[in-house]
Amino acid sequence: MVGLRYILKINRMNDQNIIIPIMGMITGIIIPIAVFIWQYYEGKGKRDAVVEIAKHINDPSKLEELLALFDERKKEPIDYRRGGVITIFVGAGLFILGSFFIGDLLKGAGALVGLIGVGTMIAGYLYPNTERELTNAVDEYERK
């Protein structure tokens with residue numbers, strides 16, 4: 001505490017300069033807290049709606065169908081090939097931006113992102129992800 005008082009007394013002339021780092025630190029705390037509060041209230045409305053609907057429905061099968069509507073998880077597996085192509089082109093864009101404007105650091109970052117995209121796309125071809133591809137892979141394995 002004594003050290004902070006000492007620092008603030010030395011910089012009496014530049015009090016406005018200390019406010020910028022303090023606001024930066026506070027912003028780093030406030031934004032995640034605000035997001036968690038927002039998610040809580042958004043989910044609260046959905047939970048209240050489910051409770052109200054459940055009070056008026058006597059058939060458990062209909063209730064399960066309604067609960068499935070509120071389930072936000074993806075039903076389909078991740079398409080690694082699509083994500084890989086997108087990542088490759090983001091890496092290429094970063095590399096080109098680094099070539100023309102910013103420099104070697106961004107060129108290196110773009111090459112890294114592009115190679116991650118190549119790896120993701122290869123994973124998409126090695127591991128089938130749609131039901132049809134899984135069925136074909138199982139059938140091919142059973143033939144062997």
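The values are calculated or read from the model by the stated rules, or taken from the named source; none is laboratory data. Here the structure is a predicted model, which is why all the values come from computation and not from measurement. Note that each Cβ is placed from the backbone with ideal geometry, even for glycine, and that neighbours are counted across all protein chains shown.
Looking at 34, 49, can you tell me which residue is modelled with pLDDT under 80 and aliphatic (A, V, I, L, M)?
Details: 34 fails: modelled with pLDDT under 80.
Only one candidate qualifies: 49.
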_Under 8 Å between Cβ atoms, which residue pairs at least 6 apart in sequence (or on different chains) link something in the range 119-144 that is at pLDDT 80 or above with a partner that is assigned to a helix (DSSP H, G or I) and aliphatic (A, V, I, L, M)?_
121/85; 121/88
*Condition test on residue 76, is it surrounded by fewer than 11 Cβ atoms within 10 Å (Cβ to Cβ) and modelled with pLDDT under 80?*
yes
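Can you tell me which of 84, 108, 98 is in contact with an Asp or Glu (Cβ under 9 Å, 6 or more places away or on another chain), small (Gly, Ala, Ser) and either surrounded by fewer than 13 Cβ atoms within 10 Å (Cβ to Cβ) or in a helix (DSSP H, G or I) (or both)? Steps first, please.
Values: 84 fails: in contact with an Asp or Glu (Cβ under 9 Å, 6 or more places away or on another chain); 108 fails: in contact with an Asp or Glu (Cβ under 9 Å, 6 or more places away or on another chain).
The match here is 98.
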